[in-house]
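Here the structure comes first, spelled out in structure tokens, and everything after it is commentary.
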Amino acid sequence: MASGTFQSLPVPTTALDGRISAIVLDPGGNPADVVNKGTPITVRIEWNLTGFLVPLLAGTWNLHVSVDEIGGPHDFNEPSAPVPVPLNGTPDYRREIVLSSLQPGRTYSLIASLAYRNPAGSPAPLGGYVNVGTVNVLL
């Protein structure tokens, strides 16, 4: 599982901090970086908040995976509109995003991105990203 960078609000880390990580899984739930053509893969993203402010946070996380074909034009976000994940007062979150449109014979770089919006819907400096790695799709 790859670890990423988490940006917290400008408060002491004892008040609020976080971690984010992600992994690519094949349909059997095994870590994968090479898959057969036509095989959907799952990006499992987990993030965790720590600090005494966690139960007081409200709003929504927005999550997506950026897919970049290395050396080619097949770049996109999955899903095209980020997945909204309501904050629920707990510190631990996990979501899975399935990628089913990867093209055979190509290699992709994957980055999971997490952004926060406050209850009014405005962005705030809280969130993170993780370079999940590369996936090679066989011919």
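The values are calculated or read from the model by the stated rules, or taken from the named source; none is laboratory data. What you see is a predicted model, and the numbers here were worked out from it, not measured in a lab. Cβ sites come from the backbone with ideal geometry, for glycine too, and all protein chains shown count toward neighbours.
For the stretch 83-98, filtering for residues that are farther than 18 Å from residue 19 by Cβ and buried (at least 18 other Cβ atoms within 10 Å of the Cβ) leaves 1. Within the stretch 1-37, the set of residues being buried (at least 18 other Cβ atoms within 10 Å of the Cβ) and hydroxyl-bearing (Ser, Thr, Tyr) comprises 8, 21.
When you look at residue 77, is it farther than 23 Å from residue 137 by Cβ, at pLDDT 95 or above and not in a loop (DSSP other than H, G, I, E, B), yes or no? Taking the combined requirement at face value, the residue does not satisfy it.
Here the condition is being under 23 Å from residue 119 (Cβ atoms) and out of contact with any helix residue (DSSP H, G or I) (no Cβ under 7 Å at 6 or more places or on another chain); of 91, 82, it holds for 82 alone. Assessment of the stretch 82-96 against the conditions (hydroxyl-bearing (Ser, Thr, Tyr) and not in a strand (DSSP E or B)) yields at least one matching residue.
With respect to (1) without any contact (Cβ under 8 Å) to a residue 60 or more places away in the chain; (2) assigned to a strand (DSSP E or B); (3) out of contact with any Ser or Thr (no Cβ under 9 Å at 6 or more places or on another chain); (4) not hydroxyl-bearing (Ser, Thr, Tyr), the lone exception for residue 63 is condition (3). Scanning the stretch 103-137 for residues that are over 19 Å from the mean Cα position of the chain (by Cα) and of a type in the set (D, E, K, R) yields one hit, 106. All of (1) outside any strand (DSSP E or B); (2) crowded, with 16+ Cβ neighbours inside 10 Å hold for residue 105 with one exception: (2).
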